Every structure is written in structure tokens, then in C-alpha cells.
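The values are calculated or read from the model by the stated rules, or taken from the named source; none is laboratory data. Everything numeric here is computed off the predicted structure, so don't read it as measured data. Note that we place each Cβ from the backbone using ideal geometry, even for glycine, and neighbour counts take in every protein chain shown.
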Amino acid sequence: MPDTPAAPVILGDEPGSFPRSVLAERHPAIIRQVREAFPYGPEQHRALEALLKSCTEGVIEPLPADAPDRDRWRDWGADTWTGRSWFDVPWLWSESHFYRRLLDAVAYFGSGPWAGIDPFRPFKRAELDAGETDEELAALDALEDLPADERARALLHGSLWGNRADLGFRLSAEGAETQEAVPALVADDSDALWSLLPSSGTGTLCLVADNAGRELVPDLLLIAHLLAEGAVARAVLHVKPYPYYVSDATTADVVDALRRLTSAPGAAAGHGRRLWAAMADGRLTVRAHPFSCAPLPYADMPDDLRAEFAAATLTVVKGDLNYRRLVGDRLWPPTTPFRDVTAYFPGPVAALRTLKSDVITGLDPDTEAALVAAEGRRWRTGGTHALIQVGGGSADVQRQ
């Protein structure tokens with residue numbers, strides 16, 4: 001991956017910047033939401049208050065001595081950044097560490113009654129059970145009579161724009177996900193994406209999920225379509241091994257989404273039953289690799305994960321956080337070629353992302369100029385623009 005002075009690592013120390021607003025405003029808001037969502041006891045309330053003080057006024061502290069992943073976080077840079085202000089370390093690292101410390105505060109990794117209780121579950125369930133989800137599932141009925149390629153395009157865009165359901169994003173951009181008019185894509189490599197799926201239908205799709213709820217459902221629907229139409233023989237859905245970034249999908253969220261589909265009327269239920277059957281016979285598997293919650297770019301992925309992506313016909317990476325990890329959380333010039341910054345990836349990779357942070361690559365100069373003229377910097381973080389980009393290793397070598 002290019003590493004030049006023109007692409008500095010993003011920190012949270014610049015007054016008025018988007019990363020600083022996340023650290024100074026969004027994280028305290030998340031702590032308050034979590035504290036109010038559960039009848040936690042005095043111990044959790046004290047720990048949440050300590051985390052609030054630490055992340056706004058204090059420094060990064062090491063994980064508890066008995067933390068099951070303490071050594072892993074040391075490998076991920078904890079010794080380097082411990083004792084530093086949350087605002088003075090790479091933003092990707094400080095954000096990820098915040099969510100890991102939040103789980104400590106609510107005793108998620110403990111041995112008591114709160115062990116394994118997802119602090120974000122009420123927010124995820126509320127979204128999954130919302131009337132908007134009913135409307136989106138009912139709309140599937142209208143797709144049934146369309147030609148397969150038109151249904152595929154519709155489901156791809158459903159998966160892309162479903163990212164606007166990101167719960168953490170709502171805390172600092174209320175209403176951005178409810179724009180009436182869907183903005184144009186700032187980059188669209190969808191033809192290249194489809195070309196990477198061989199006509200033989202024998203390949204494997206890896207889909208690296210982002211959010212649960214109303215985003216995970218269209219991700220699953222896209223997988224269901226590709227399996228049903230024989231575009232791929234197998235799909236691997238990568239989720240988080242524990243709750244992360246408020247709305248990121250875990251295995252429990254996959255189960256909730258499948259149950260939501262199978263209990264719905266019409267075409268949605270049929271898709272849900274086929275996905276359930278695909279999990280039973282191994283055509284769809286769920287993977288929760290520890291690196292999915294790492295505070296590092298994918299360029300630093302471990303060998304076993306690298307081998308898995310190398311063996312895939314295509315890896316689809318969803319969402320803003322995964323995009324930051326894919327290209328490196330750096331202030332690239334927007335016209336930096338996406339293929340160049342993802343050339344390290346061990347196989348073909350496609351990014352589906354709505355824009356909610358400053359990182360961007362792969363724009364042509366005219367598109368960048370038009371966006372800046374119309375919106376200043378707002379287009380980077382407002383969630384009103386999206387992209388489909390294809391890059392990574394050689395498709396000719398990796399295709400199965």
C-alpha cells in the first residue's frame with residue numbers, strides 16, 4: 001500500500017474535524033445511550049462514567065490484566081498508544097479501542113450475569129422491527145417477475161444503500177439516512193464486479209458485513225439471489241466476533257435477520273427459508289475472525305485471513321469502516337487510484353460504501369471538482385453519496 005507524505009494517517013486532534021467530533025461528541029453520546037438502555041448495576045455505571053471521563057479528558061489505558069484478548073491488543077499496538085490522549089493516536093485505533101473498553105465497562109467479557117449481553121442489541125432490534133423494514137421486505141415481491149440481471153442490480157444497490165441504516169452514524173448525522181432522493185454514485189464499477197463472477201457458478205463469494213438490521217437484511221438477500229441463480233456455489237459471510245461500532249453485525253444479528261425474513265410474508269420468507277437451508281448444507285457459512293475487530297488496516301491482516309480471501313472468487317467489503325480499513329485510514333488525494341491502494345489485497349475485492357468519513361480514493365477529477373463546488377467537504381461525511389469500486393489482486397490469478 002502506498003505510504004507517502006501526501007497521505008497522512010488520520011488523527012482526531014484537529015479542532016473542528018470530523019474525527020474529533022466523533023471522539024468528543026459521538027462517543028459520549030453512545031455511552032449515555034448504552035447506560036440508559038439497560039438496568040445496569042452500580043459497578044457498570046461507575047465503569048461507564050470512568051470511560052466517559054477517560055475518552056474526553058484522559059488517556060488511553062491498557063486492558064485489564066485478565067482480559068482474554070490482552071495479548072492480541074498488545075500485538076495490535078496497545079503498548080505504543082497506551083498513555084496517550086485519545087485524540088493524538090490514529091483515529092482508527094482510538095475508535096476501535098473505545099468500543100473494546102465499552103464492552104469492559106458493561107462486563108461483557110466477565111463471568112457474571114451481564115457476560116455476553118450485547119449493549120447495542122435494543123437499538124439493533126428496534127431497527128429490525130421497524131415499519132420501514134416491513135416496507136422494504138414487501139418491496140421484494142415486485143422484484144420477482146424481473147429478469148435475473150435486473151433483480152441482481154436492484155439487490156446490489158439495496159445492499160449498497162442499506163449502509164445508510166448505520167446506527168452510530170445517526171448520532172451525529174440525524175436524518176441523513178432518510179433522504180428522499182437517492183444521490184448518484186460518485187464511482188460505479190458494478191460492471192467490473194459482475195464480470196468477476198464466472199459463468200460456471202463454481203466460485204466462492206466472501207462478503208465482509210458491516211451493520212446489522214436494515215443493512216444486513218439486503219446483504220443476505222443479495223447472497224440469496226447469487227446462490228439461487230448459480231452465480232456462486234458458496235458464500236462466506238464475515239461478521240464481528242463481538243459487538244462493535246454500535247450496529248456492526250455479529251452472528252446473533254445474522255440469526256435475528258434470518259428469523260425476520262422467514263417470519264415475513266411474501267417473497268421475503270422464501271428468501272429466508274433458502275438462506276436457512278443454505279446454512280444447513282454449508283453453501284452459506286458465517287465467519288467471525290478476531291481481526292474483524294482489529295484497529296488496523298486490512299494490509300496488516302494475518303496469514304489465515306489472507307489465505308481465505310485469496311481463495312475467494314470475489315470479496316465484497318461493505319460499509320465505511322471496512323473501506324477505511326481496506327484503503328488505509330489516510331487522507332489520500334481523492335483521485336488516488338483505488339486499484340493502487342488495494343493492490344496488496346490477495347484477490348479481487350469490491351467495496352460497497354456510503355460515504356461517512358473523510359477517506360476517499362478512486363474519483364475522477366471532474367467528479368471531485370463537482371462535489372467540492374456543490375457541497376464543500378460535506379459530501380465526504382454526510383452519507384448522501386456512495387460508491388462501488390473494484391480492485392485488489394489479479395482476477396485472472398484468483399478466479400476459481
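Remarks
Here's the yes/no breakdown for (1) in contact with a Pro (Cβ under 7 Å, 6 or more places away or on another chain); (2) closer than 24 Å to Leu355 by Cβ; (3) surrounded by 15 or more Cβ atoms within 10 Å (Cβ to Cβ); (4) not hydrophobic (A, V, I, L, M, F, W, C):
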position	(1), (2), (3), (4)
Ala264	no, no, yes, no
His271	no, no, yes, yes
Ala280	no, no, no, no
Val286	no, no, yes, no
Ala299	no, yes, yes, no
Val316	no, yes, yes, no
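- Gly319 meets the conditions (1) within 20 Å of Ala7 (Cα to Cα); (2) in contact (Cβ under 8 Å) with a residue 60 or more places away in the chain in every case but one. The failed one is (1).
- Yes/no for Val372 being surrounded by fewer than 24 Cβ atoms within 10 Å (Cβ to Cβ) and either β-branched (Val, Ile, Thr) or within 16 Å of Val239 (Cα to Cα) (or both): yes
- Any hit, the range 353-367, residues being hydrophobic (A, V, I, L, M, F, W, C) and in contact with a Ser or Thr (Cβ under 6 Å, 6 or more places away or on another chain): yes
- Arg306 vs. criteria of a type outside the set (Ser, Thr, Tyr), touching a helix residue (DSSP H, G or I) at 6+ places or on another chain (Cβ under 7 Å) and on the phi < 0 side of the Ramachandran plot: no
- Candidates are the residues of the range 2-27 that are in a helix (DSSP H, G or I) and touching a helix residue (DSSP H, G or I) at 6+ places or on another chain (Cβ under 6 Å); the one that is farthest from Trp86 (Cα to Cα) is Phe18.
- Count - residues of the range 347-389 that are over 17 Å from the mean Cα position of the chain (by Cα) and among the aliphatic types (A, V, I, L, M): 7
- Considering the range 16-63, and only residues there that are of a type in the set (Val, Ile, Thr) and closer than 22 Å to Asp79 by Cα, the residue that is surrounded by the most Cβ atoms within 10 Å (Cβ to Cβ) turns out to be Ile60.
- Within the range 328-345, tally of residues that are under 18 Å from Val316 (Cα atoms) and surrounded by 21 or more Cβ atoms within 10 Å (Cβ to Cβ): 5
- Taking the range 355-399 as the range and being at pLDDT 90 or above and under 30 Å from Gly203 (Cα atoms) as the test, the residues that pass are Leu355, Ile360, Thr361, Gly362, Leu363, Ala386, Leu387, Ile388, Gln389, Val390, Gly391, Gly392.
- In the set Ile388, Ile360, only one residue is closer than 24 Å to Ser96 by Cα and either surrounded by 23 or more Cβ atoms within 10 Å (Cβ to Cβ) or not assigned by TED's automatic domain parsing to the domain that holds Ser96 (or both); that residue is Ile360.
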